[in-house]
Amino acid sequence: MNRRFTKGALLAAAAMTISLASPVTAQAQESGSAATAVPQPAPAATAQSTLRSSGVSAAQAAPVQITSFTLARRYSSDHRIAKAAEVSTGIAVGGSVAPGYSVRDFTADLYINGRLIGPVTFSPYASSVRWHKRFGYGVAQLRNLRANVYTSGGGGLMNVSGATNSNQFRILRQFDHRLMMKYSKRGSKMTVRATKWRVYQPNGKLATVRKVKLQRLKGGKWRNFKNIKVNKSGNGKITFKAKKKYKYRLNYKTTTTIEGARTHATAKF
């Protein structure tokens with residue numbers, strides 16, 4: 001398969017690995033003040049190319065043999081539709097190269113929700129790949145890995161043997177980091193306000209999540225207490241009587257399309 005792909009390259013980058021989604025957090029403040037949501041750092045990890053000389057000639061097998069092809073979350077922003085224009089994920093390729101051959105770069109086809117988006121090209125030394133967030137969210141995968149190889153006699157884009165498809169990963173929409181929780185209490189009457197509870201869309205706009213959970217710490221566990229409906233701006237409020245003292249927070253649980261978010265706990269009152 002020596003033909004070159006003419007679709008616009010989604011592009012290579014440098015920087016990569018994978019981890020599970022972790023909710024962002026924001027500090028709850030008393031009425032009149034607010035705090036910005038801060039992403040929790042993803043677990044540290046390393047990723048690097050482990051291509052090596054195979055000792056097998058190209059006549060015996062494909063010049064490049066791949067044993068592992070993985071995509072991973074390295075930073076809290078990886079695999080996320082966020083304010084930034086690009087979606088990023090870490091990448092690592094392991095395998096071997098026949099004597100006399102070298103890999104200039106790799107090309108693979110990006111699929112999101114089973115739909116072909118186009119080719120992604122990256123260096124064998126790259127630790128991440130990126131593409132524009134307009135291509136959407138959902139289950140993503142890089143397939144049909146190919147290597148652009150060269151030798152003293154020439155080269156070109158060639159098929160590789162072994163692991164030609166990466167693992168699947170999920171692209172989620174991320175909350176606006178300006179989300180807040182405000183509260184006030186007079187006697188037993190308490191008012192809680194949610195502001196800017198919205199998520200980024202592939203087109204760069206923000207969309208509401210309709211409602212968030214008000215939780216309170218009871219018996220050592222966070223328990224759902226009330227729902228706060230939010231408008232198109234991501235704002236809403238609720239008023240209720242609180243006869244006992246509790247710690248409170250706002251929480252939105254991670255779903256298949258949205259990365260969850262929560263505020264820090266209030267003081268007990």
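Worth a mention:
- Whether the range 95-220 is rounded, prolate or oblate, judged on the alpha carbon gyration tensor where a/c under 1.5 counts as rounded: prolate
- Distance-filtered residues of the range 71-115 - backbone nitrogen under 18 Å, label point 7 angstrom along residue 203 Cα→Cβ: 81-86
- Whole-number D in µm² s⁻¹ for the range 177-269, Kirkwood Cα-pair radius fed into Stokes-Einstein, 10 °C, 1.306 mPa s: 115
Every read-out reported here was derived from the displayed coordinates using simple, explicitly stated rules and does not represent laboratory data. Here the structure is a predicted model, which is why all the values come from computation and not from measurement. Cβ atoms come from the backbone with ideal geometry, glycine included; neighbour counts cover every protein chain shown.
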